[in-house]
1. Distance in nm between label sites at residue 27 and residue 39, each 7 Å beyond Cα in the beta-carbon direction?
2. Compute the FRET efficiency between residue 17 and residue 68 as 1/(1 + (r/R0)^6), taking r as their Cβ-Cβ distance and R0 = 35 Å, and round to the nearest 0.05.
3. What does DSSP give for region 12-123 in terms of the percent of beta bridges that are antiparallel, rounded to the nearest 5?
4. Separation between the residue 49 and residue 131 pseudo-spin-labels, each 7 Å from Cα along Cα→Cβ, expressed in nm?
5. Tell me, what is a quarter of the convex hull surface for the C-alpha atoms of region 35-88, in nm² with one decimal?
6. Report the relative contact order of the chain, percent, no decimals, based on alpha-carbon pairs under 8 angstrom and at least 6 residues apart.
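Bear in mind these aren't lab numbers, they're just calculated from the coordinates by the rules spelled out. Computed from a predicted structure; not experimentally measured. FYI the Cβ positions are ideal-geometry reconstructions off the backbone, even for glycines, and counts take in every protein chain you see.
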Amino acid sequence: MAKKKKAKPAEYRLNIFHASDRETGRRFVTFLVRTVKEFASFNYEISLNVTREGRSIRVDILGMNTPAMIMGGTGPASGRRNLTALQGLYTVIVTKLDRETNEFMITIGPEQVKILQGSPEPFVLTSADPVVE
């Protein structure tokens, strides 16, 4: 009997949600990538490249960096990008350094973001829940 292949655990969380700038009130959609693993020494930063082409949004995870201000802290590494003028159906493609990709669909309305479908064994868990840091 063939052995069942164990699913790899997810490495990242991606939250996509509406937010606004506290000073200007300008609204945008936030793409927040965090590691599942928490770190005990620093609050590492995840380098991201987020681009939009038509109805596709690419989120390239470029690696982790130590923060500019080296202060102790525990928690996941994180990276955030804000995009404006998004409305409707989009394909989101997330790529890691090793070129592994996850692809899923989202719909962005005036007040909410909905995750429609995703990869069967994702390395990134997706959610439309807002995160306050």
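1. 3.4 nm
2. Between residue 17 and residue 68 the formula returns 0.85.
3. If I count the DSSP bridges inside region 12-123, around 85 percent turn out antiparallel.
4. Distance between the two pseudo-spin positions: 2.2 nm.
5. Mean projected area for region 35-88: 4.7 nm², to one decimal.
6. Reported relative contact order: 28 percent.
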